[in-house]
1. Just for region 174-217: of the residues that are closer than 15 Å to Asn259 by Cβ and in contact (Cβ under 8 Å) with a residue 40 or more places away in the chain, which one is surrounded by the fewest Cβ atoms within 10 Å (Cβ to Cβ)?
2. Kindly indicate the residue of region 269-289 that is of a type in the set (Phe, Trp, Tyr) and not in a loop (DSSP other than H, G, I, E, B) and also modelled with the highest pLDDT among those meeting that condition.
3. Criterion first (outside any helix (DSSP H, G or I), in contact with a Phe, Trp or Tyr (Cβ under 7 Å, 6 or more places away or on another chain) and modelled with pLDDT of 95 or more) does Glu12 satisfy it?
4. Got at least one residue in region 11-22 being touching a residue at least 24 places away in the same chain (Cβ under 8 Å) and surrounded by fewer than 17 Cβ atoms within 10 Å (Cβ to Cβ)?
5. Take region 168-225 and flag every residue that is under 17 Å from the mean Cα position of the chain (by Cα), under 22 Å from Glu253 (Cα atoms) and assigned to a helix (DSSP H, G or I).
6. Restricting region 168-196 to residues that are touching a Gly at 6+ places or on another chain (Cβ under 8 Å) and of a type outside the set (Gly, Ala, Ser), which is nearest to Ala222 (Cα to Cα)?
7. Filter region 31-69 down to the residues that are within 27 Å of Ala110 (Cβ to Cβ), surrounded by fewer than 18 Cβ atoms within 10 Å (Cβ to Cβ) and in contact with an Asp or Glu (Cβ under 9 Å, 6 or more places away or on another chain) and list them by number.
Amino acid sequence: MQDAIATLPKVELHLHIEGSLEPELMFALAERNDVDLPYASVEEVRAAYQFHDLQSFLDIYYAGACVLLTEQDFYDLTWAYLERCRDDHVRHTEIFFDPQTHTERGVPFATVIDGIHRALADGERELGITSRLILCFLRHLSAEAAMETLETALPWREHIHAVGLDSAELGNPPEKFQAVFERARAEGFPAVAHAGEEGPPDYIWQALDLLKVARIDHGVQAEQDPDLMQRLAREQIPLTVCPLSNIKLCVFERLEQHNLKRLMDAGLCVTISSDDPAYFGGYVGENFRATAAALQLDLDDLEKLARNAVDAAFLEASAKQRLHDEIGDWRARHAA
C-alpha cells in the first residue's frame with residue numbers, strides 16, 4: 001500500500017503557498033532580509049506549532065509570513081513546494097496565495113505574484129508539474145479591502161485562474177463577500193471558498209448559492225445537514241478535504257474519527273490535499289498515507305480520490321484525460 005500511495009498520480013487542489021514555509025526557509029529568508037523572528041531556533045518554531053483552533057494557527061502563520069519581502073523570496077518559497085510535489089508524485093497543483101497578507105505589510109502585489117508565477121512556470125518546464133494560481137481574499141478583513149485587492153490584481157489576470165476565500169471562518173460568513181465574488185465572476189474568474197471547516201453547514205450553502213463556487217474547500221461540517229449532503233452528492237460539488245490539517249486544528253480529535261470515508265460512501269466528490277503542510281505535519285503524500293492507514297482505505301478508495309481531484313481541477317478536458325489515463329496505468333500495475 002505504501003508503494004501504491006507513493007506512485008499514485010496526484011492532483012492537489014487545496015494548498016496555501018504561504019503555509020508551505022518550512023522553518024528552515026523561514027530562518028534563511030529572515031537572515032537574508034535582516035528580519036528579526038520571535039524564535040531562537042528552528043526547533044523553537046516547530047515547538048510553537050501546537051494549535052487549539054484555526055485562529056491560534058493563523059497568529060503564527062501571519063507572523064511567519066513577515067520574512068517574505070522580495071520576488072526571489074516568493075520564488076524560493078514556491079519552488080521548495082514544487083520540489084515536494086515532485087517527491088509526492090503530484091502531477092498538477094492549484095495553489096492559493098494571499099496577497100493581502102503581504103500588501104498590508106507594504107510588499108507590492110507585483111512582487112508577490114511575479115515571484116510565484118516565475119516558479120510555477122519553471123516547475124512546469126523543469127519538473128513537468130502543471131499548476132493554476134488562485135487568489136484568495138482574507139475573510140477577516142473587510143469586503144471593501146477584498147474588492148480593492150481584486151482591482152489591483154486585474155492587470156495580472158493571465159496568471160490568475162480563480163478566486164477564493166480563506167482565513168478565520170467563524171464570524172465571517174461567505175455572504176459578506178457576495179459583491180466581490182459577483183465582480184470576479186463578471187471578470188471571468190471561477191470561484192472556490194473555504195466553508196464548513198469550523199463554520200456551520202449554512203456557510204457551505206452560502207458559498208454555493210451566494211458566491212456560486214465550483215468547489216468547497218474543507219466542507220467536513222456538511223455531515224451535520226442531510227439536505228446539504230444530498231445536494232453535494234447530487235451535484236458532485238468537490239470538497240477539498242485536508243485530513244492532517246483537520247486534526248492539527250482540532251476539528252477532529254484523532255484521524256481515525258475523520259469523516260472522509262463516510263463522505264465518500266455517501267457519494268460526495270471528496271479529494272485529499274495538505275492545506276498548510278509546513279505547519280500541519282504533512283504534504284499531500286503524507287496526508288494520503290496517514291488517512292489510508294487510519295481509515296483503512298483500499299486501492300479503490302485511493303483511485304477514486306485521485307480521479308475526483310482530476311475531475312475537480314481547473315484543467316482542459318485533454319489534460320484531464322491524460323491524468324485519468326495515468327491513474328488507469330497505476331491501477332493496472334497494482335491490480336493484484
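The values are calculated or read from the model by the stated rules, or taken from the named source; none is laboratory data. Fair warning: this is a prediction, and the values are worked out from it, not measured in the lab. All Cβ positions, glycine included, derive from the backbone under ideal geometry; neighbour counts span all protein chains shown.
1. Filtering region 174-217 for residues that are closer than 15 Å to Asn259 by Cβ and in contact (Cβ under 8 Å) with a residue 40 or more places away in the chain, the one surrounded by the fewest Cβ atoms within 10 Å (Cβ to Cβ) comes out as Glu198.
2. From region 269-289, those of a type in the set (Phe, Trp, Tyr) are 279-280, 283, 288; that's our starting set.
Among the residues that remain, those that are also not in a loop (DSSP other than H, G, I, E, B) are: 279-280, 288.
On the way: Tyr279: 91, Phe280: 92, Phe288: 98.
Across region 269-289, the extreme among qualifying residues is Phe288.
3. Numbers: outside any helix (DSSP H, G or I): yes; in contact with a Phe, Trp or Tyr (Cβ under 7 Å, 6 or more places away or on another chain): no; modelled with pLDDT of 95 or more: yes.
Against the criterion (outside any helix (DSSP H, G or I), in contact with a Phe, Trp or Tyr (Cβ under 7 Å, 6 or more places away or on another chain) and modelled with pLDDT of 95 or more), Glu12 does not qualify.
4. For region 11-22, residues touching a residue at least 24 places away in the same chain (Cβ under 8 Å) and surrounded by fewer than 17 Cβ atoms within 10 Å (Cβ to Cβ): absent.
5. Val220, the sole residue that qualifies.
6. We begin by selecting, within region 168-196, every residue touching a Gly at 6+ places or on another chain (Cβ under 8 Å); these are 169-170, 173, 191-196.
Retained after the next criterion (residues that are of a type outside the set (Gly, Ala, Ser)): 169-170, 173, 192, 194.
Numbers: Glu169: 15, Leu170: 15, Pro173: 15, Val192: 16, His194: 12 Å.
For region 168-196, the residue satisfying everything is His194.
7. The answer is Arg32, Asn33, Tyr62.
Residues are listed down the side, and each one gets a yes or a no for (1) at pLDDT 95 or above; (2) assigned to a helix (DSSP H, G or I); (3) under 30 Å from Gln2 (Cβ atoms); (4) more than 16 Å from the chain's Cα centre (by Cα):
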| site | (1), (2), (3), (4) |
| --- | --- |
| Arg86 | yes, yes, yes, yes |
| Glu94 | yes, no, yes, no |
| Gly106 | yes, no, no, yes |
| Leu133 | yes, no, no, no |
| Cys136 | yes, no, no, no |
